[in-house]
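Participant: Below is the structure I would like to discuss, written out as structure tokens.
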Amino acid sequence: MQPSVNLPFTNIETIPGRTIVQSMGVVTGSTVRAKNVFKDIGAGLKNIVGGELKAYTELLQESRNEALYRMLVDAQARGANAVVNVRFATSSVAGGAAELLAYGTAVIIQ
Amino acid sequence: MSDTIFLIYLAFSLSPWIVSLIGTFLYQNAKKDTLLQREKAHSILNGDNLSTLSKPLLGKEVKEFRMVMASVVMSPSWIQITIGRIIAIFGGHINVFTKIIDWARREAKQRLRDDISEAGFDEVINLRLETATITRARGGKDKTSGIEIIAYGTAIKY
């Protein structure tokens with residue numbers, strides 16, 4: 001688990017109950033995670049019957065938290081105190097690695 | 001003697017396919033049934049509390065918010081991949097894959113519902129669904145493949 005950065009963030013255009021006074025630009029955070037060989041074997045076996053591949057779900061969850069964390073660190077470095085309109089984008093890099101990108105608009109709220 | 005060896009060889013080489021056949025029809029259906037039960041248990045009480053709108057529908061004031069995320073990776077079974085490939089020769093609607101993707105999306109959305117009701121939130125607004133596929137590694141030798149679904153939104157409390 002990452003040390004948490006204490007910035008409020010939403011994926012709607014505003015922070016409810018607050019006013020946005022200044023935009024600090026787009027902040028991004030991304031991470032590429034490869035599959036673990038041992039988890040890969042388990043997932044390969046689970047692949048025979050189909051259904052959820054729990055090992056990959058966990059992998060995805062970890063990389064999602066990592067990407068969010070990097071985005072928030074970026075926002076903090078710019079002096080923002082909130083991030084609005086957060087979006088995720090995923091893509092798969094060759095070799096079974098998964099890339100996860102989180103991006104949003106860093107803002108200063110009152 | 002050679003017959004028994006042949007039979008043992010046959011059993012071992014066919015066993016993943018037999019497991020796949022059983023898994024496709026029994027395991028997957030059982031999982032889908034439990035998912036349906038979870039969905040029903042939720043919707044009877046509150047109606048659906050996920051929406052893609054960026055504001056709560058009735059203009060209620062938001063007291064508390066948090067961004068919530070849920071993800072799931074689903075894979076078709078060997079049998080389903082084979083059926084899909086055969087249908088793909090002729091083209092058209094590949095029902096086996098549609099079912100898997102639909103199942104994965106439902107599962108991801110249900111996880112969001114479970115999450116927010118546990119944390120005491122009322123509704124999720126601005127729901128987004130993101131999809132990606134896990135590629136076949138190492139030149140197609142690895143059969144592992146799957147669909148990743150990420151569902152995310154803002155949970156709010158009135």
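Participant: Would you list A:LEU72, B:LEU26 from fewest to most Cβ contacts within 10 Å?
Facilitator: B:LEU26, A:LEU72
Participant: Using the Cα centre of chain B as origin and beta-carbon charges of +1 (Lys, Arg) and -1 (Asp, Glu), tell me which of B:HIS93, B:ALA104, B:ILE8 is placed farthest towards the positive end of the dipole.
Facilitator: B:HIS93
Participant: By count of other Cβ within 10 Å, fewest leading, how are B:SER75, A:SER63 ordered?
Facilitator: Going from sparsest to densest Cβ surroundings: A:SER63, B:SER75.
Participant: Note down the nm distance, to one decimal, between modelled labels 7 Å out along Cα→Cβ at B:LEU53 and at B:LEU129.
Facilitator: 2.0
Participant: Would you mind working out the magnitude of the charge dipole of chain B relative to its Cα centre, with +1 at each Lys and Arg C-beta and -1 at each Asp and Glu C-beta, to the nearest 20 Debye?
Facilitator: That gives chain B a dipole magnitude of about 260 debye.
Participant: Something else now. Can you run phi through the Karplus equation (6.51, -1.76, 1.60; θ = phi - 60°) for region A:57-67 and list ³J(HN,Hα) in whole Hz, with x for Gly and Pro?
Facilitator: After applying 6.51 cos²θ - 1.76 cosθ + 1.60, I find 4, 5, 4, 5, 5, 4, 5, 5, 5, 4, 4 Hz.
Participant: What ranking, highest mean first, results for peptides B:150-156, B:5-11 when packing means the other Cβ atoms within 10 Å averaged over each residue?
Facilitator: Top of the packing list down: B:150-156, B:5-11.
Participant: How big is the charge dipole of the protein assembly as shown about its Cα centre, in debye rounded to the nearest 20, if each Lys and Arg gets +1 on its Cβ and each Asp and Glu gets -1 on its Cβ?
Facilitator: 220
Participant: Let me ask something else. Would you count, across region B:2-157, every pair of lysines whose alpha carbons are under 21 angstrom apart, provided the pair is eight or more residues apart or spans two chains?
Facilitator: 16
Participant: Ranking B:THR34, A:THR90 by Cβ neighbours within 10 Å, fewest first, what do you get?
Facilitator: Neighbour counts put them in this order, fewest first: B:THR34, A:THR90.
Participant: Please list 3J(HN,Hα) in residue order for region B:121-128, calculated via the Karplus relation 6.51 cos²θ - 1.76 cosθ + 1.60 where θ = phi - 60°; whole Hz, with x for glycine and proline.
Facilitator: Using θ = phi - 60°, the values come out as 8, 8, 8, 10, 10, 6, 6, 10 Hz.
Participant: Using a Förster distance of 45 angstrom, determine the FRET efficiency expected from the C-beta separation of A:LEU7 and B:ASP33, and round it to 0.05.
Facilitator: E between A:LEU7 and B:ASP33, to the nearest 0.05, is 0.65.
Participant: How well do other chains shield peptide B:73-81, expressed as the mean number of their Cβ atoms within 10 Å of each residue Cβ?
Facilitator: That works out to 6 on average.
Participant: Skipping prolines and chain starts, which residues have an amide H placed within reach, meaning under 5 Å, of the one on A:ALA82, given they are 5 or more residues away or on another chain?
Facilitator: A:VAL107, A:ILE109
Rule-based calculations on the coordinates, nothing more; no lab input. Predicted model only: the values in this text are computed from it and were never measured. With ideal geometry, Cβ positions are generated from the backbone for all residues, glycine too; neighbour counts draw on all protein chains shown.
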